[in-house]
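The values are calculated or read from the model by the stated rules, or taken from the named source; none is laboratory data. Predicted model only: the values in this text are computed from it and were never measured. Positions of Cβ are backbone-derived with ideal geometry, glycine not excepted, and every protein chain shown enters the neighbour counts. Accessible surface is based on the protein model in full, side chains and every heavy atom, while ligands, DNA and RNA are left aside. Shrake-Rupley method; radii C 1.70, N 1.55, O 1.52, S 1.80 Å.
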Amino acid sequence: MALRICTASSCRSRGGEALRQALAAVAPAQGEAPMVTGVGCLGPCSDGPLLALGPHLFSLQTPEPEPLARSLQQALARNALEQWQPPGSALIPAADPFLRLQRRLVLERCGQIDPESLEAALASDGYRQLRAVLQQNDPAAVVEAVRCSGLRGRGGAGYPTGLKWATVAAMPGAEKRLVCNADEGDPGAFMDRTVMEGDPHRLLEGMAIAAFAVGAQRGYLYVRAEYPLAIARLRGAIAAAEEQHWLGSGIDGSRFGFHLELRVGAGAYVCGEETALIHSIEGGRGTPCARPPYPAERGVFGLPTLINNVETFANVPVLLQMGPDAYRPGTKVFSLTGQVQRSGVLEVPMGTPLRTIVEEMGGGAPAGRAIKAVQTGGPSGGCVPAAELDTPVDYDSLQALGTIMGSGGMVVLDDTTDMVDLAAYFMAFCREESCGKCVPCRSGTVQLEQLLRKLLARQGCPADLEQLERLCHTVQQASLCGLGQNAPKPVLSTLRHFRHELMALVGEP
Ligand SMILES: Cc1cc2nc3c(=O)[nH]c(=O)nc-3n(C[C@H](O)[C@H](O)[C@H](O)COP(=O)(O)O)c2cc1C
């Protein structure tokens, strides 16, 4: 029986790696396989550091390496590993809603295998779909399978993935490019980080399949600099995959080649916007430009380019393995955080009610408090008020409420939250991150923040609320890229669902 210890960023920050080393030092390898394996995210991060022993998951509440290692050594000496409970730990039973209500497809191997081992990925079906696709040698069939699966982009906008792939595939010319957007800049979002840290080969397999389907020979993986562990694991995974011919020239003995380069961003939120990201890859300043032309027509170095998000690519091997019909409607990975009892990363069927995620899986608000709202979609999204918690989480239902599902960041807010202050926080974020290229965003975000601060200081009047709303629409309609076009959304969401809080600030009942 193997011991798995989470060594992803969250548990690592609580000593997960030191625990792994201490336990590995006293646990002998079983044949070829180590008894103690460092794995990707196991889910309930707020209970970390986490240790899994067979089907049992333990929250190590007093994570001192030496006593834990001693206790393991004693259990091994008694041949009683299966009954071992780490001292001072709490068992998180498999029936716990956080674990039970998940459907881990994208995260299937995350938390199960050593993410730094290509052999471990291969032993659990890694690169199997790539091999099948190359043997079939029918790129159009792959595009069709993706289209039939109904997969939509997980980066925020929800554009149909099959349609995007078909557009790039149909572009004339022999040279095409592929980009994976791993910039993940939304506050409270850490789903893509989880995939990259926990199962990098799944992402690489999805990218290679996509490259084959659209006819791209080169690709770029654009990762934000703030993710050093993901970067290190991806670098290792790319090198291992190249060595064993799952990337590079002549993949798996075929005539297909795909060369992948990792690029590290420099910390600008706007570089997650696809045209700014492409400029950044080209070595230019990370600022956006007007579309059309879309990257599918003119992308990296002027070539037709397929750009998708990490989770979008990571879905591809799964949907091919299951078949499009069995796969639909797929799943969504969320990072649950904020004023909630249990935070972490979870994957649920698309359309799961928000209440299930926040109250059942997350345990609801902290003791003595009530949930006021859930913020989704980061600075491009808005708030779902507590009264609407039965809303199914999918692209269209959240849009109808004036927010977006976005890339999957979910921040729970309890009844101590000042919603106007929250709107001002997001506006300050957008003001800070505006690249300054277009006036409506550069100047509009400043003015919107000033108006909100004026209201918060109780120096506003009812006419300011009208101006706030007007300015929101102007910035939305006149900005060059999605950053400015979406920046007013948190304010509009507050106007829609929490207008009374704004009215109270200007002395209106
Ligand atoms: C300001 C801004 C930031 C963005 N940041 C990201 C990001 O971090 N990751 C991402 O995948 N998409 C991000 N997007 C969306 C991308 O522009 C693009 O739509 C996405 O990468 C396409 O992939 P998908 O179709 O798989 O979602 C951002 C958009 C805007 C306007």
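Set the Förster radius R0 to 51 Å, insert the Cβ-Cβ distance between Ala266 and Leu81 as r into 1/(1 + (r/R0)^6), and round the FRET efficiency to 0.05. Mind dumping the intermediate values first?
Numbers: r = 47 Å, r/R0 = 0.92.
With a Förster radius of 51 Å, E is 0.65.
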Residue-level accessible surface for Arg14, protein heavy atoms, 1.4 Å, Å² = 110
Calculated FRET efficiency, Glu66 and Cys148, Cβ-Cβ r, R0 56 Å, to nearest 0.05?
-> 0.55
Could you give the length gained on full extension between Glu508 and Lys454, defined as 0.36 nm per residue of separation minus the Cα-Cα distance, in nm?
-> 17.9 nm
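With every protein chain kept in the model, how would you rank Met1, Met410 by accessible area, 1.4 Å probe, largest at the top? Before the final figure, lay out each step's value.
Numbers: Met1 85, Met410 0 Å².
Ranked list, largest accessible area first: Met1, Met410.
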Whole-Hz Karplus couplings 3J(HN,Hα) for the range 489-506, θ = phi - 60° and coefficients 6.51, -1.76, 1.60, Gly and Pro as x, run 4, x, 6, 4, 5, 5, 4, 6, 9, 10, 4, 4, 6, 5, 4, 4, 6, 10
Quick one: what are the phi-derived ³J(HN,Hα) couplings along the range 51-56, Karplus 6.51/-1.76/1.60 with θ = phi - 60°, whole Hz, x for glycine and proline?
-> 10, 10, 10, x, x, 9
Taking amide H positions as placed 1.01 Å from N in the peptide plane, with prolines and chain starts having none, which residues 5 or more places from Gly409, or on another chain, fall under 5 Å of its amide H?
-> Ser335, Gly377
Efficiency of FRET from Cβ geometry, Gln467 and Arg255, R₀ 45 Å, rounded to 0.05 | 0.15
Whose amide H sits under 5 Å from the amide H of Glu273, counting only residues 5 or more places off or on another chain, with H placed in the peptide plane?
-> none
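So for the range 419-505, averaging the separation of alpha carbon pairs under 8 Å that are six or more residues apart and normalising by length, what relative contact order in percent results?
Values: 100 pairs, mean separation 33.4, N = 87.
Here the relative contact order equals 38 percent.
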Could you work out the equivalent-ellipsoid semi-axes for the range 331-414, taking the square root of 5 times each eigenvalue of the Cα gyration tensor, largest first, in whole Å?
-> 18, 14, 11
At 0.36 nm per residue, minus the direct Cα-Cα distance, what do Arg291 and Thr416 gain on full extension? Give it in nm, one decimal, please.
-> 40.9 nm
From the square roots a ≥ b ≥ c of the eigenvalues of the alpha-carbon gyration tensor of the range 78-119, which class results: rounded (a/c under 1.5), prolate (a/b over b/c), or oblate?
-> oblate
Consider a paramagnetic label point 7 Å from the Cα of Arg499 along Cα→Cβ; state which residues of the range 445-474 have an amide N under 15 Å from it.
-> 462-470
Starting from the Cα of Gln73, step 7 Å along the direction of its Cβ; do the same at Glu242; then give the gap between the two resulting points in nm.
-> 4.2
For Arg298, enumerate residues with amide H under 5 Å from its amide H, sequence gap 5+ or separate chain, H modeled in the peptide plane.
-> Thr305
Using a 1.4 Å probe and ignoring any ligands, DNA or RNA, find the accessible area of Asp199 and quote it in Å² to the nearest 10.
-> 10
Of the trypsin sites (Lys or Arg not before Pro) in the range 272-334, which ones lie in a loop per DSSP and count no more than 13 other C-beta atoms within 10 Å?
-> Arg285
Under the Karplus relation 6.51 cos²θ - 1.76 cosθ + 1.60, θ = phi - 60°, what is the ordered set of whole-Hz ³J(HN,Hα) values for the range 150-162, x standing for Gly and Pro?
-> x, 4, 10, x, 8, x, x, 7, x, 5, x, 5, x
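I'd like the Kirkwood hydrodynamic radius of the chain, using the inverse of the mean 1/r over distinct C-alpha pairs, in Å.
Working: mean 1/r = 0.0418 Å⁻¹.
When all Cα pairs of the chain are included, the Kirkwood radius is 23.9 Å.
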Percent relative contact order for the chain, counting Cα pairs under 8 Å at least six residues apart, stands at 14
Using a 1.4 Å probe and ignoring any ligands, DNA or RNA, find the accessible area of His259 and quote it in Å² to the nearest 10.
-> 70
